[in-house]
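What follows is a short report on a single structure.
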Amino acid sequence: MASKHTSSQGQFLTFTLGREIFALDIAKVREVLELTTVSEIPRTPEYLKGVINLRGHAVPVVDMRLKLGMSPIQQTVDTCIIILEVAFGDEPIVMGALVDSVREVFEMAESEIEPAPKMGAAIEASYIKGMGRQEDQFIIIVDVDSVFSEEELLAVKKMDEEKAQGKAA
């Protein structure tokens, strides 16, 4: 399929939640970790599993299944934590995303990404950047900066600052 325009290739990290395949812009991904101990924090939303120790820094971990309205499942050997940088003002917030499994990094031209389908007001789909395809399977491309509300990111930032102050005391 030739095009007059040079379409820019985007790299995406694919992961699964159930039978669905999702993708994140690789520029937002810092690293992928095997499942590790998550320290729970009381009085946080159910999808906020707690924090992990990442080289001496407390990093909040969000269960992506719960955040996206899916039912929880038993964790397996494939369960991973994707460490992400989420835009928040002029300072990114580092967060972990708990996913069922990580698949691969793949390239897709912007021209191959379809807009997110319109699903009506009852379904929250603002986090969907678009839809891609890999062979015969759809891939839901997640806009990680839109998954979390400003209030949620403020809470995470506050939690991170409190952890840092607790360590300094």
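One table, with the values for the structure above:
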item	result
Among the residues listed as MET95, MET108, the single one being over 17 Å from the mean Cα position of the chain (by Cα), of a type in the set (A, V, I, L, M, F, W, C) and in a strand (DSSP E or B)	MET108
Per-region count, the stretch 78-94, residues in contact with a Pro (Cβ under 9 Å, 6 or more places away or on another chain) and β-branched (Val, Ile, Thr)	3
Lone qualifier among THR16, THR6, THR36 - being at negative phi, under 12 Å from the mean Cα position of the chain (by Cα) and either at pLDDT below 95 or surrounded by 10 or more Cβ atoms within 10 Å (Cβ to Cβ) (or both)	THR16
Of the criteria (1) buried (at least 19 other Cβ atoms within 10 Å of the Cβ); (2) of a type in the set (Lys, Arg); (3) touching a Leu at 6+ places or on another chain (Cβ under 8 Å), which one ARG65 fails	(1)
The lone exception for ASP100 - which of (1) out of contact with any helix residue (DSSP H, G or I) (no Cβ under 8 Å at 6 or more places or on another chain); (2) over 18 Å from LYS157 (Cβ atoms) it fails	(1)
Close pairs from the stretch 82-110: first free of Cβ contacts under 8 Å to residues at least 24 places away in the same chain, partner of a type outside the set (A, V, I, L, M), Cβ under 7 Å, at least 6 apart	PRO92/GLU85
Which listed residue is surrounded by fewer than 14 Cβ atoms within 10 Å (Cβ to Cβ) and either modelled with pLDDT under 85 or part of a strand (DSSP E or B) (or both), from ALA164, ALA155	ALA164
Residues being of a type in the set (Asp, Glu) and more than 17 Å from VAL99 (Cβ to Cβ) - total across the stretch 25-61	1
Set VAL142, VAL77: member being surrounded by fewer than 19 Cβ atoms within 10 Å (Cβ to Cβ) and modelled with pLDDT of 90 or more	VAL77
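The values are calculated or read from the model by the stated rules, or taken from the named source; none is laboratory data. These numbers were taken from a predicted model, which means no experiment stands behind them. Positions of Cβ are generated from backbone atoms using ideal geometry, with glycine treated the same way; all protein chains shown enter the neighbour counts.
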